[in-house]
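The values are calculated or read from the model by the stated rules, or taken from the named source; none is laboratory data. As the structure is a prediction and not an experimental result, all values here were calculated from the model. Don't worry about glycine lacking a Cβ; one is built from the backbone with ideal geometry, like all the others, and counts go over all protein chains shown. The protein model used for the area step is the full one, side chains on, heavy atoms only, and it has no ligands, DNA or RNA in it. Shrake-Rupley method; radii C 1.70, N 1.55, O 1.52, S 1.80 Å.
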Amino acid sequence: MSALESAAARELPASDDLAGTFTDVSSAAGRSQEEIGAILADLHFGTIFTDHMARLTYREGEGWHNPRLEDYGPLSLDPSAAVLHYGQEVFEGLKAYRHADGSLWTFRPGYNAARFNASARRMAMPEIDPRDFLGSIIDLVRADGAYVPQLPGALYLRPYMFSSEPFLGVRAARDYEFLTIASPVGAYFTHGFQPVDIWVDDVYHRAGPGGTGEAKTSGNYAASLLPQQEAAERGFEQVCFLDSTTGTLIEELGGMNVFVSYRDGSVATPALSGTILEGGTRSAILRLLADRGVVAREVPLPLAQLLKDLKADRIAEIFACGTAAVVTPIGRLAGREFDVQVPTGELTVELFDELTGIQAGTREDTYGWMYRLS
Ligand SMILES: *Cc1c(COP(=O)(O)O)cnc(C)c1O
């Protein structure tokens with residue numbers, strides 16, 4: 001078990017015991033039922049936000065204080081705020097799901113809370129009490145529950161923190177803001193699975209040894225945007241990054257981990273080398289596979305071997321995974337010297353059904369992964 005997995009296995013206080021920590025200081029009326037209904041009838045990713053945002057402030061000496069629910073809206077920031085210059089920011093992504101009986105749930109929030117603090121440590125930022133991380137989600141979802149769509153839609157939750165101290169000196173800032181915002185999202189795939197075409201980049205890297213690849217921080221995404229843009233210009237949907245030391249090992253996509261399933265029944269995923277972000281979806285899939293009797297090998301995954309295995313038809317399917325899309329089949333892998341089709345198979349579909357079934361409450365949650373928000 002990884003450190004994040006052990007942290008995620010710890011029992012969390014019930015949402016009723018944490019609710020109400022974030023005092024509602026909002027004053028706007030919020031959208032009407034009709035307006036919310038129209039939004040939920042036409043969902044896009046990350047464009048519309050709910051009526052409120054949860055917020056917590058940190059000052060040196062005072063620590064985290066003033067948990068509150070504010071009207072969703074623009075922030076007031078000093079132009080010299082440290083985050084705008086040196087990029088101290090970390091974030092998380094998780095979803096709230098509406099079950100058939102109307103109850104609202106989320107998936108392994110303890111994992112996200114632990115990862116948030118691991119990211120914060122790497123970026124020299126203060127950690128937050130996991131109860132506050134969780135409390136922000138509970139109070140926001142309870143206030144804006146009308147925005148949680150029917151399945152397969154969900155309310156995407158984005159807790160994040162940034163340095164707000166007005167100071168241009170280069171050191172860890174002394175002031176921070178923590179916020180959780182929420183955006184209703186539809187099913188990632190509206191017409192069944194659509195395999196994605198992946199560009200394997202041999203020019204750019206998203207992370208290096210001793211860097212911040214293991215932290216969920218904005219700078220890693222900033223570094224991935226130009227390669228992502230160039231891949232899009234070539235007609236590819238996503239970039240797969242190689243390790244920056246040898247340029248030979250498959251690491252991950254800009255925001256998703258990768259699995260390879262072989263015709264002999266075995267499965268492999270790149271080992272956590274320190275430059276790969278440890279996905280909660282990756283972790284859940286490792287567990288689901290183990291319970292099917294498949295212990296996925298967490299190993300360095302050379303691109304050359306992968307191409308050889310594809311050519312010899314030893315690979316059954318390759319898929320990417322992350323909270324937003326859950327599981328995505330990869331249909332094509334190309335780089336400057338190769339361009340190959342990847343077969344699609346049943347494992348991707350089965351894992352997708354299993355995970356989304358647990359999240360939807362239609363499959364038994366034997367792992368205790370689901371957490372009731374309301
Ligand atoms: C968030 C993220 C993932 C996926 O993590 P999940 O917890 O499964 O959503 C993978 N790679 C990177 C770089 C990420 O930022």
(Q) Please list, short to long, the whole-number percent of alpha-carbon pairs of region 330-374 in consecutive 10 angstrom bins beginning at zero. (A) 22, 32, 20, 18, 8, 0
Q: Determine the calculated [θ] at 222 nm for the chain from helices alone, applying -39500 (n - 2.57) to every DSSP H run no shorter than 4 residues and normalising by the residue count; nearest 500 deg cm²/dmol.
A: -8000 deg cm²/dmol
Q: Identify, among Ser2, Tyr58, Leu12, the residue whose Cα sits farthest towards the positive end of the charge dipole of the chain, taking +1 on the Cβ of Lys and Arg and -1 on the Cβ of Asp and Glu, with the dipole about the Cα centre.
A: Ser2
Q. For region 84-165, what relative contact order do you get, as a whole percent, if you take Cα pairs closer than 8 Å and at least 6 residues apart?
A. 49 percent
Q) How big is the charge dipole of the chain about its Cα centre, in debye rounded to the nearest 20, if each Lys and Arg gets +1 on its Cβ and each Asp and Glu gets -1 on its Cβ? A) 520 debye
Q.
What is the percent carbon and sulfur in the accessible area of region 46-106, measuring with a 1.4 Å probe over the protein chains and ignoring ligands?
A. 52 percent
Q: Using only alpha carbon pairs under 8 Å that are at least six residues apart, calculate the relative contact order of the chain and give it in whole percent.
A: 18 percent
Q. What nm value, rounded to one decimal, do you get for the distance between Asp17 and Thr366 when each label is placed 7 Å out toward the C-beta?
A. 2.7 nm
Q) Any idea what the dipole of region 267-374 comes to, in debye rounded to 20, about its Cα centre with Lys/Arg Cβ at +1 and Asp/Glu Cβ at -1? A) 240 debye
Q) Between Val340, Leu286, Gln229, whose Cα lies farthest towards the positive end of the dipole of region 229-346 when Lys and Arg beta carbons carry +1 and Asp and Glu beta carbons carry -1, centred on the Cα centre? A) Leu286
Q) On average, how much area does the Cα convex hull of region 1-84 cover when viewed from any direction, in nm²? A) 9.9 nm²
Q.
Using a Cα-Cα cut-off of under 12 Å, which aspartates and glutamates could be cross-linked to Lys311, ignoring same-chain neighbours fewer than 8 residues away?
A. Asp339
Q | Radius, Kirkwood style, for the chain when every pair of distinct Cα atoms is counted (Å) | A | 21.6 Å
Q | Per residue solvent-accessible surface (Å²) - region 228-337, probe of 1.4 Å | A | 40 Å²
